[in-house]
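Input: a single structure, listed below in structure tokens.
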Amino acid sequence: MEIYYFGHSSFKIKGKQATLITDPYDDSALGIKFPKVEADIVTVSHSHSDHNAYQKVEGQPFLISEPGEYEVKGVSIFGFKTFHDLKQGNDRGENIIYLIEIDSLRICHLGDLGEILNDQLLEEINGVDILMIPVGGFYTLDPEKAVELIAKIEPTIVIPMHFKIPQMGKAFENLISVEDFFKVMGVGQISPLPKLVISKDKLPEERQIILLERKNG
């Protein structure tokens, strides 16, 4: 399986039987260009334009934008309702986190999560191999809260997302850099990879932080 990063909270997950895109964004909303891409499945965590531009994805993909259980082309997807803030959604509304089971791997995409998950939901997503977690604060979890949640979820691989990128518009100037997240995690500088190529039998024995380069095309 291959994982590519398009920036913000958008990834391309390419499995043996299907390709999935998470949270495609509108160029004008974010200030960076969304690449030309085709997929079988699109997941949308919430209805903001920097996460729900599913029209950008070619190939007539199956759209998932509500909590529930889905099975598409051998990929199992479970969506769970959470909140975009610490006030039960009163500030920024709801958010959906997705547990994606593909090629025997369990990938959890937290969307624009703004709260620490309760024990019941942590039990629902138990056994996460790869965690895609927002770390930029302001709109979502900040580095400290992200590290706290990582300790609760106990994933094998952590991929940070939703952090400050210099090319972004003014609406995102308050986001925190990924380097700040690394400091809180207690790790040094991490060199970004162009993609993550992974399989169940190639998972590292100890937790690993992976930074992916933003793919422009």
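Excluding same-chain residues fewer than 8 positions from LYS56, which lysines have a Cα within less than 18 Å of its Cα?
LYS12, LYS14, LYS33, LYS36, LYS215
Decide, for the chain, between rounded, prolate and oblate: order the square roots of the alpha carbon gyration tensor eigenvalues as a ≥ b ≥ c, take rounded if a/c falls under 1.5, and otherwise choose prolate if a/b is larger than b/c, else oblate.
In terms of gyration-tensor shape, rounded.
As a test of the formula, what do you get for the chain when each DSSP H run with n ≥ 4 contributes -39,500 (n - 2.57) and the sum is divided by the residue count, at 222 nm and rounded to the nearest 500 deg cm²/dmol?
Here the helix-only value at 222 nm equals -3500 deg cm²/dmol.
If the cut-off is 19 Å between C-alpha atoms, which lysines fall inside it for LYS16, apart from same-chain ones fewer than 8 positions away?
Cα-Cα hits under 19 Å: LYS73, LYS195, LYS200, LYS202.
Throughout, read-outs are computed from the coordinates displayed, never taken from laboratory work. On a predicted model such as this, the values are computed, not experimentally measured, just so you know.
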